[in-house]
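The structure appears below as structure tokens.
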Amino acid sequence: MTPDEILSALDEQQREVALAQGPVVVYAGAGSGKTRAITHRIAYRALAGTLRPEHTLALTFTARAAGEMRSRLRTLGVEGVQARTFHAAALRQLTYFWPKHTRTELPRLSPSKARHLSVALRRNGLRDAPAVLQDVASEIEWAKVNQVSHDDYILRAKDRTVRSDLGADVIQQLYADYDEIKTNDGAMDFEDVLLLAKALLEEAPALLNELRAQYRSFVVDEYQDISAIQQQLLDIWIGDGDDICAVGDINQTIYSFAGADPKFFMDFPKKYPQALLLRLSTNYRSTPEIVHLANQINKRSGSALELHAVRPKGSAVQYQECADEEEEASGVADRIKVLTASGVALDQMAVLYRTNAQSAALESSLARAGIPFAVRNGEGFFHHPKVREALRLLRAANRSAGEGEVPDRVREVLEVLGWRHENPPDALGAGRDEWEMLNALYRMSGNFDDFDALIQELEDRSQHSHAPLRNAVTLASLHSVKGMEWAHVFLVGANEGLIPISLAKDPAQIEEERRLFYVGITRAKESLTISWGNRSRQSSRFLREIGIGGEIKSASTASLALCKSCGKPLKNGVERKRARCSECPLDVNEELFEALRAWRYDRAKIADVPAFVIFTDATLEAIAALRPKNNQELLTISGIGARKLEDYGVEVLAIVALNGAS
């Protein structure tokens, strides 16, 4: 290819990126073709003779992105560019320079902190449970990328949200012990790779000069995600040079908990006053309707980068308020079946959520509908070790004689595992994820009067879950999907308390939640459905700010579900479905209740689904007590939303009319 052919494949903004000389900073919006712009810039300069591929280092944050960059460059006829992650580049340098300088063997790279951290935990009399390991490892990673020493950890931890419920003094001791155990074992972790590379190059000027002679041109993708140690290492590599192109999107900064700091990207023009500032604002991924929503969400954060859509007009963004998570999940499954019937491939659809615990209802609904799914970057809900342990204990509890309400018995079992309903972990992390998963089981139990029925449902849901398949709907958390895209996206759980997460307290944390929501929205190419389903039916403040889902209410003024007889707050799903507390029993018409159960049995048999999928016993009891006369009255019953009203409303009202006499 010729340089002119390279440029001809670019739009005007991308062409400016390719032609720019010297330091360049590119503010690249979602779906704007930044990888195309970066690779064509490298290819154009290589063919024009202003850059030598073998002297070029292109830095990314994932091995997948690095591989894609190398593949695109080969397609453009350019070979020899080193496209690597920061860690891969630093490890390559260490492997080459370390033996030459130290005359010793490079410590071996440990693939995980778990083994050495387990020893540290046991040394301090603590359990090395997976969630504890993950959360403490996250804290150590944050400390290392920010070069926080063992001694300074407590002081620095005061200024951030710690991802563990262990005290800062305990984590400080574990941090020190972990490093000692790891070093004595002749090992290093991934953060050590960056730290050792920095120390080695600072200590050995001759090696540094050799490195700088090798790399003279730099491209850094996703610059907004760079950490302090990565910025320092980059500064060492570049030295007095200024042939650097920094590309990023402040609106997609969602990893501050891991040490990412957008200030390095924002301060790039200060670091290089002569830098050319460019924008990529044309969105090629999404329809105008989706782009418009993304801009609305972003505008509230004061973002200066507005996306411009070029695709033809598509369908409107769909918003769905649901009675609960079960109805929300069933609605997603129904819509996926419609799309599949119209010829859409399963791998062109994704369901995105804020926390891993939200996948429980989704997995169950998709499995019952016979829809293959794959959980991205993680295990399915029913395969999570803590959930499997809880199911084992619940089965055991069901075999023994027990008394009390189902939620109370489940609560007793879950408390054996250390779960406390009234005491969720204050920290975002694996410990909080486990609490949410067990809490999902507890919430589920509120829909049952009979312990046997609960166990049967849990068994059924567990058996329906399956291994991920290639041609499958993707289930994924919002944090795991940056850089991904699907034709059709369902963004579920857009409730206040989930988006933004309830643990986000200060303005900076709230704004990061807004950016996370923006990332989810901009994954969709053709259609986007946003739904929420909780007892308050209060949508996210990010939606209410733009007039979707009702007025904004503070958590303190949000209404509670109250007993219609005595006015006390309702404590669980059974009480909310009946609209009565346990002390104010419903006046259930037994004849109507049995007629409804018989109808449900027939309906479930025809649909080949468990009976609870149609309606739970608690919902049938509420119908038999309230005896609704029309659709509006049916909709006042918890567990009945628009979808179930459409599917079963006429039949239920007919049964009530025939059997509902007092």
Filter result for ASP192 (in a helix (DSSP H, G or I) and not hydroxyl-bearing (Ser, Thr, Tyr))
yes
Name every residue in the range 217-261 that is among the aromatic types (Phe, Trp, Tyr) and either closer than 21 Å to LEU19 by Cα or outside any loop (DSSP other than H, G, I, E, B) (or both), in order of residue number.
PHE218, TYR223, TRP237, PHE257
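When you check GLU551 against the structure, is it acidic (Asp, Glu) and modelled with pLDDT of 65 or more, yes or no? Let's see the steps before the verdict.
Details: acidic (Asp, Glu): yes; modelled with pLDDT of 65 or more: no.
No: the conditions fail for GLU551.
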Give me a count of the residues in the range 163-221 that are in the same structural domain as PHE86 (by TED's automatic domain parsing), within 35 Å of the chain's Cα centre (by Cα) and among the basic types (Lys, Arg).
1
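Every residue in the range 271-302 that is within 18 Å of VAL17 (Cα to Cα) and in contact with a strand residue (DSSP E or B) (Cβ under 8 Å, 6 or more places away or on another chain), please. Give the steps one after another, and end with the answer.
Just the residues of the range 271-302 that are within 18 Å of VAL17 (Cα to Cα), to begin with: 272-284.
Residues satisfying the conditions are TYR272, ALA275, LEU276, LEU277, LEU278, ARG279, LEU280, SER281, THR282, ASN283.
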Of the residues in the range 181-230 that are of a type in the set (Phe, Trp, Tyr) and touching a strand residue (DSSP E or B) at 6+ places or on another chain (Cβ under 6 Å), the one that is surrounded by the most Cβ atoms within 10 Å (Cβ to Cβ) is TYR223
Tally the residues that are free of Cβ contacts under 8 Å to residues at least 60 places away in the same chain and surrounded by fewer than 18 Cβ atoms within 10 Å (Cβ to Cβ), restricting the search to the range 22-52.
3
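Restricting attention to helices (runs of 4 or more DSSP H) lying wholly within the range 267-376, give those where 2 or more residues are touching a helix residue (DSSP H, G or I) at 6+ places or on another chain (Cβ under 8 Å).
Values: elements: 268-271, 288-299, 325-341, 359-368.
The helices (runs of 4 or more DSSP H) meeting that bar are 288-299, 325-341, 359-368.
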Could you list, in sequence order, the residues of the range 352-370 that are polar (S, T, N, Q) and within 13 Å of GLU326 (Cα to Cα)?
GLN358, SER359, SER364, SER365
1 or more residues modelled with pLDDT under 75 and of a type in the set (Asp, Glu): qualifying helices (runs of 4 or more DSSP H) within the range 404-477:
430-445, 451-464
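Taking the range 645-662 as the region of interest, how many residues are at pLDDT below 80 and either under 19 Å from ALA604 (Cβ atoms) or surrounded by fewer than 17 Cβ atoms within 10 Å (Cβ to Cβ) (or both)? Step through it out loud before you land on a result.
So in the range 645-662, the residues at pLDDT below 80 come out as 660-662.
Add one more test, that the residue is either under 19 Å from ALA604 (Cβ atoms) or surrounded by fewer than 17 Cβ atoms within 10 Å (Cβ to Cβ) (or both), and what stays is 661-662.
Summing the residues that are at pLDDT below 80 and either under 19 Å from ALA604 (Cβ atoms) or surrounded by fewer than 17 Cβ atoms within 10 Å (Cβ to Cβ) (or both) in the range 645-662 gives 2.
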Take the residues in the range 272-305 that are more than 18 Å from GLU485 (Cβ to Cβ) and among the aliphatic types (A, V, I, L, M); name whichever of them is surrounded by the fewest Cβ atoms within 10 Å (Cβ to Cβ).
ALA304
Please enumerate the residues belonging to the range 6-19 that are in contact with a helix residue (DSSP H, G or I) (Cβ under 8 Å, 6 or more places away or on another chain), more than 16 Å from SER281 (Cβ to Cβ) and not β-branched (Val, Ile, Thr).
LEU7, ALA9, ALA18, LEU19
Number of positions in the range 126-148 that are out of contact with any Gly (no Cβ under 8 Å at 6 or more places or on another chain), of a type in the set (A, V, I, L, M, F, W, C) and in contact (Cβ under 8 Å) with a residue 12 or more places away in the chain:
6
Filtered residue count, the range 233-262, keeping only those that are among the polar types (S, T, N, Q) and at pLDDT 95 or above:
0
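The values are calculated or read from the model by the stated rules, or taken from the named source; none is laboratory data. None of these values were measured; they are calculated from a predicted model. Don't worry about glycine lacking a Cβ; one is built from the backbone with ideal geometry, like all the others, and counts go over all protein chains shown.
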